[in-house]
Each structure stands twice: as C-alpha cells, then as structure tokens.
Amino acid sequence: MIKPNEIRIGNLVSHFSRICDVFEIGEGGWLRINNDQLNTLASECDPVPITEDYLVRAGLKKLGTKISGSTCYCFGNWILSINENGKDFHLLNKFSSPQSLIYLTINYVHQFQNIYFTLIGEEVKFTEETK
C-alpha cells in the first residue's frame, strides 16, 4: 500500500502486479493509472521496489570505484551511494564545499522519482525495459 501523500503524477506503482504510471490524482486518494479509464485508490496500489536496473535505466552512471564498500552512481551534480544491504542510500553533491552527506532510505521507485525531481528539477525518464 502506498500513502496518497507520497504519490505524484508520473510515479510508477504496481497495480495487481502490473507496473503502471500515475496519470492523475484525485480527491480521496484515487488515481488514474496508465492513461486508462481505470480509476483506483492509492491504497490498492503497491510500491515498486527499487533495483539497480531502475537506477541504470533512469540514466544514472555506475562509477567504477566504491566508497566505503558502497556502490556509487552519478546523476547531475550528485553521487548516490548504496550500501551493500541495498537499503542505505547517501547523497553527496560533487560541488558543495564543504562536502556533506544526505542520509536517505529509498526502498521504492516512487521515492527515488520524487528525490530525483527535487534535486534535478525534472522527471526521471526510464527506458521502456523498466516497465
């Protein structure tokens, strides 16, 4: 189940095991998904777990070096490091001085989409194989 306040238009959600785009958000937590006439409640949708596949298909570049054992990806001015457990995410702005880390827990694709939009100012564009 996804909380309605976490959803934005364009987020990916799972509806009965089918990955869907959110096209419209209405009052009372209802969503229009996949540009269908299908309306459903946010509570009837599940979050899509974040995987390396989603990060790569979102255009993040995997860096060849690890930082403290974490796998690192680059997007815009940001480096996203993911701990070996796959649940601890750290953001580092490459150009901030002094450099500081932002600690996040990103478990789902819609959370990543929301953070990406906040930092970059545009929507994540996934390649089709992601869906």
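The values are calculated or read from the model by the stated rules, or taken from the named source; none is laboratory data. Everything numeric in this text was worked out from a predicted model, so none of it was measured. Positions of Cβ are generated from backbone atoms using ideal geometry, with glycine treated the same way; all protein chains shown enter the neighbour counts.
Taking the criterion of being surrounded by 14 or more Cβ atoms within 10 Å (Cβ to Cβ) and at pLDDT 90 or above, the only residue of the stretch 60-72 that qualifies is Leu60. Have a look at Asp53, Asp36 and point out the one that is part of a helix (DSSP H, G or I) and farther than 13 Å from Asn11 by Cα. Answer to the selection: Asp53.
Looking at Asn85, is it more than 18 Å from Leu119 (Cβ to Cβ), within 19 Å of the chain's Cα centre (by Cα) and free of Cβ contacts under 8 Å to residues at least 60 places away in the same chain? Criteria met by Asn85. The set of residues in the stretch 22-48 that are closer than 21 Å to Lys125 by Cα and either among the small types (Gly, Ala, Ser) or free of Cβ contacts under 8 Å to residues at least 40 places away in the same chain (or both) comprises Val22, Phe23, Glu24, Ile25, Leu31, Arg32, Ile33, Asn34, Asn35, Asp36.
Of Ser14, Ser81, all but one fail to be in a strand (DSSP E or B), of a type in the set (Gly, Ala, Ser) and not assigned by TED's automatic domain parsing to the domain that holds Val124; the exception is Ser14.
Looking at the stretch 88-121 only, could you name the residues that are under 13 Å from the mean Cα position of the chain (by Cα) and of a type in the set (Ser, Thr, Tyr)? Selection gives Thr105, Tyr108, Tyr116, Thr118. Mind checking whether some residue in the stretch 45-61 is over 30 Å from Ile25 (Cα atoms) and either assigned by TED's automatic domain parsing to the domain that holds Phe112 or of a type in the set (Val, Ile, Thr) (or both)? Within the stretch 45-61, one or more residues are over 30 Å from Ile25 (Cα atoms) and either assigned by TED's automatic domain parsing to the domain that holds Phe112 or of a type in the set (Val, Ile, Thr) (or both).
The sole residue among Phe126, Phe95, Phe112 that is loosely packed, with under 13 Cβ neighbours inside 10 Å and hydrophobic (A, V, I, L, M, F, W, C) is Phe95. Just to be sure before I move on: is Ser14 over 19 Å from Phe117 (Cα atoms) and surrounded by 15 or more Cβ atoms within 10 Å (Cβ to Cβ) in the structure I sent? Yes; evaluated as a whole, the condition is true for this residue.
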